[in-house]
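Okay, structure first, notes after.
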Amino acid sequence: MARSKPTDATAPSGKAGRGPKDGGRGRTSGSTAVGAEPVKLNRKGKPKKQRLKKLAGQARMIKQAYSLTRKNDAKLPWIMLIWFVAVAAVVELIGILLSSPFLFLPLALVTGGLAALIVFGRRAQGSAYRQVEGQPGAAAWVLEGMRGDWRVTSGVAGTQQMDAVHRVLGRPGVILVAEGVPARVRGLLAQEKKKVARVVGDAPIYDIVVGDEEGQIPLRKLSTHVMKLPRNLSAGEVNALGRRMSALGGSRMPVPGGPLPGGRQMSISQRQVRRRG
């Protein structure tokens with residue numbers, strides 16, 4: 001008689017010691033545990049909950065910025081409404097002329113909303129500058145809000161009257177920015193420029209005096225002026241220059257943490273400048 005093969009269901013099949021579903025070693029597939037719901041990821045591989053939280057935080061920030069700007073700019077809602085209606089009407093009129101009014105309606109609403117947001121951003125920025133202009137630390141606040149790799153050291157030199165010189169390191173080279181009474185800050189600038197020149201070698205050194213007089217840069221144009229300076233150094237040269245400049249030390253005078261009253265107002269206005277800078 002021929003012997004029959006064993007029919008034990010627990011016997012290993014296929015490769016030795018490896019089951020048909022779990023790969024034979026009891027490991028769970030992916031990074032989720034057995035019985036746990038898989039975490040939904042977005043395109044960047046991050047959990048979707050974090051993205052929603054980020055959007056909610058941005059919405060709260062915009063709402064808060066709107067409230068603060070409206071306190072200093074009572075015409076803001078009406079100006080935003082006028083721009084929304086005007087731009088949306090122009091786009092919808094184009095749709096009517098092309099015999100597609102319903103097709104152009106969503107585009108008109110989106111375009112009008114974008115126009116209103118752009119107007120809001122510009123007026124919020126202008127309101128922030130008006131609040132800080134003329135206050136100690138205003139130039140440092142603007143410099144620290146610039147986008148990009150700008151290494152700002154506030155208050156490297158100053159006087160008891162709160163005149164100050166700030167040092168900025170970036171691709172253009174070294175930028176010295178002075179704020180205060182011109183008769184006092186020019187002497188501070190000259191001293192700091194000599195001190196920096198002994199360390200940076202052939203790297204360019206720019207000096208700027210913030211103000212509205214001839215030869216000065218207005219506060220509202222400071223970030224734009226600095227960011228338009230020519231790129232004279234590579235990223236590696238900036239890093240090497242930063243290491244050499246560390247011998248100069250940091251701030252030598254107390255600079256106010258923010259010219260706007262209240263840290264919350266300060267943070268919102270600084271983000272506005274960073275976006276528009």
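The values are calculated or read from the model by the stated rules, or taken from the named source; none is laboratory data. In this text, all values refer to a predicted model and were calculated from it rather than measured experimentally. Cβ: placed from backbone, ideal geometry, glycine included. Neighbour counts: every protein chain shown.
Among the listed residues GLY126, GLY137, GLY145, identify the single one that is at pLDDT below 85, surrounded by fewer than 19 Cβ atoms within 10 Å (Cβ to Cβ) and not charged (D, E, K, R).
Numbers: GLY137 fails: surrounded by fewer than 19 Cβ atoms within 10 Å (Cβ to Cβ); GLY145 fails: surrounded by fewer than 19 Cβ atoms within 10 Å (Cβ to Cβ).
Answer to the selection: GLY126.
Scanning segment 158-184 for residues that are within 16 Å of VAL142 (Cβ to Cβ) and β-branched (Val, Ile, Thr) turns up VAL165, VAL168, ILE175, VAL177. The one condition from (1) within 30 Å of VAL199 (Cα to Cα); (2) among the hydrophobic types (A, V, I, L, M, F, W, C); (3) modelled with pLDDT under 85 that VAL132 does not meet is (1). When residues in segment 70-112 are screened for being loosely packed, with under 15 Cβ neighbours inside 10 Å and among the acidic types (Asp, Glu), 0 of them pass. Among the residues in segment 159-166, are any β-branched (Val, Ile, Thr), buried (at least 19 other Cβ atoms within 10 Å of the Cβ) and under 19 Å from the mean Cα position of the chain (by Cα)? No, there is no match, as no residue in segment 159-166 is β-branched (Val, Ile, Thr), buried (at least 19 other Cβ atoms within 10 Å of the Cβ) and under 19 Å from the mean Cα position of the chain (by Cα). Residues that are modelled with pLDDT of 90 or more, part of a strand (DSSP E or B) and under 24 Å from the mean Cα position of the chain (by Cα): does segment 191-209 have at least one? Within segment 191-209 (the criterion being modelled with pLDDT of 90 or more, part of a strand (DSSP E or B) and under 24 Å from the mean Cα position of the chain (by Cα)), the answer is yes, since at least one residue qualifies. With respect to ALA178, determine if the residue is buried (at least 16 other Cβ atoms within 10 Å of the Cβ), assigned by TED's automatic domain parsing to the domain that holds GLN64, not in a loop (DSSP other than H, G, I, E, B) and not polar (S, T, N, Q). Here the answer is no, as ALA178 does not meet what is asked. Filtering segment 93-108 for residues that are in contact with a Leu (Cβ under 7 Å, 6 or more places away or on another chain) and either farther than 21 Å from MET227 by Cα or at pLDDT 85 or above (or both) leaves a non-empty set. Of everything in segment 210-222 that is within 15 Å of VAL132 (Cβ to Cβ) and assigned to a loop (DSSP other than H, G, I, E, B), the residue that is modelled with the lowest pLDDT is ASP212.
If the condition is being surrounded by 15 or more Cβ atoms within 10 Å (Cβ to Cβ), out of contact with any Lys or Arg (no Cβ under 7 Å at 6 or more places or on another chain) and assigned to a helix (DSSP H, G or I), then segment 223-245 contributes SER223, HIS225, VAL226, MET227, LEU241, MET245.
To keep it simple, each residue is scored yes or no on (1) out of contact with any Pro (no Cβ under 8 Å at 6 or more places or on another chain); (2) assigned by TED's automatic domain parsing to the domain that holds SER246.
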| position | (1), (2) |
| --- | --- |
| THR111 | yes, no |
| LEU114 | yes, no |
| ALA128 | yes, no |
| VAL152 | yes, yes |
| GLY155 | no, yes |
| GLY170 | yes, yes |
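Evaluated against (1) out of contact with any strand residue (DSSP E or B) (no Cβ under 8 Å at 6 or more places or on another chain); (2) not in a helix (DSSP H, G or I), GLY155 falls short on exactly one condition, (1).
Figure legend. Inter-residue proximity from segment 221-242: first residues closer than 30 Å to ARG122 by Cβ and in the same structural domain as ILE208 (by TED's automatic domain parsing), second residues in a helix (DSSP H, G or I) and not β-branched (Val, Ile, Thr), beta-carbon distance below 7 Å, spacing 6+ or different chains. Indicated pairs: LEU222/ALA139.
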